[in-house]
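Read through the structure below, which is laid out as structure tokens, and then see the notes.
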Amino acid sequence: SDLNGIIDGIDKKDSFSMQVQDLTSAASFLLDEHAPYVTKNVAVVDSAPRFDSEYRDLRKERRRAEKKKKKSPEHHRRYLDLCDEANQLSNSKKKQYFKKILDNSRGNPKTLY
């Protein structure tokens with residue numbers, strides 16, 4: 001494997017601290033090669049205009065149910081029901097939000113952009 005080749009390549013005549021430094025840099029190289037550091041940009045849902053207290057409370061309830069879902073089939077069913085309810089509410093809020101924007105810009109396409 002890659003790590004065995006690196007360990008075999010470390011000079012045994014070097015001081016212990018040099019061997020540790022070589023091994024550390026080699027391990028870092030292997031990690032970068034096999035599992036590179038990736039940054040991701042995540043949109044914050046809380047900032048959406050349609051994210052109101054009703055939706056926020058339902059999400060809190062869903063997260064509580066998620067923690068309990070492994071305890072019993074009833075808890076798991078409750079969690080799935082809350083997921084469905086939250087998704088439906090989210091879609092409904094999105095539709096209302098965009099419908100309001102479209103209604104407000106009727107006759108003036110510049111306001112859409």
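The values are calculated or read from the model by the stated rules, or taken from the named source; none is laboratory data. Every value quoted in this text rests on a predicted model; they were computed, and no experiment measured them. Cβ coordinates were reconstructed from backbone atoms using ideal geometry, including for glycine residues, and neighbour counts include every protein chain displayed. These accessible areas exclude ligands, DNA and RNA; they are computed on the full protein's heavy atoms, side chains included. Shrake-Rupley method; radii C 1.70, N 1.55, O 1.52, S 1.80 Å.
Taking a quarter of the surface of the Cα convex hull of the chain, what do you get in nm²?
On the way: hull surface 58.1 nm².
With every direction weighted equally, the projected area is 14.5 nm².
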Residue-normalised accessible area of the stretch 1-95, expressed per residue, 1.4 Å probe, Å²: 81 Å²
Label point distance in nm, ASP84-SER53, each placed 7 Å from Cα along Cα→Cβ: 2.9 nm
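Want the number for LEU102 to SER17: 0.36 nm per residue separation, take away the alpha-carbon distance, what's left? Don't skip to the end; give the middle numbers.
Details: separation 85, 0.36 × 85 = 30.60 nm, distance 6.72 nm.
The span from LEU102 to SER17 would gain 23.9 nm if fully extended.
Loop only per DSSP, at most 15 neighbouring Cβ atoms within 10 Å: give me the chymotrypsin sites (Phe, Trp or Tyr not before Pro) in the stretch 1-103, ordered by residue number.
Working: sites: PHE16, PHE29, TYR37, PHE51, TYR55, TYR79, TYR97, PHE98; in loops: TYR37, PHE51.
Sites meeting the loop and neighbour criteria: TYR37.
Carbon and sulfur atoms: what percent of the 1.4 Å accessible area of the stretch 47-113 do they account for?
Values: 2700 of 5510 Å².
Exposed carbon and sulfur together represent 49 percent of the surface.
From the square roots a ≥ b ≥ c of the eigenvalues of the alpha-carbon gyration tensor of the stretch 70-113, which class results: rounded (a/c under 1.5), prolate (a/b over b/c), or oblate? Could the numbers behind the result be given before it?
Working: a/c = 10.09, a/b = 5.71, b/c = 1.77.
Taking the square roots of the gyration eigenvalues as a ≥ b ≥ c, the stretch 70-113 is prolate.
Run lengths n ≥ 4 of DSSP H only: what is the helix-derived mean residue ellipticity at 222 nm for the chain, with -39500 (n - 2.57) per run over all residues, to the nearest 500? List each step's numbers first, then the result.
Numbers: 4 runs with 75 residues, N = 113.
Value at 222 nm, helices only, nearest 500: -22500 deg cm²/dmol.
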The chain: relative contact order as a whole-number percent, Cα under 8 Å and 6+ apart: 16 percent
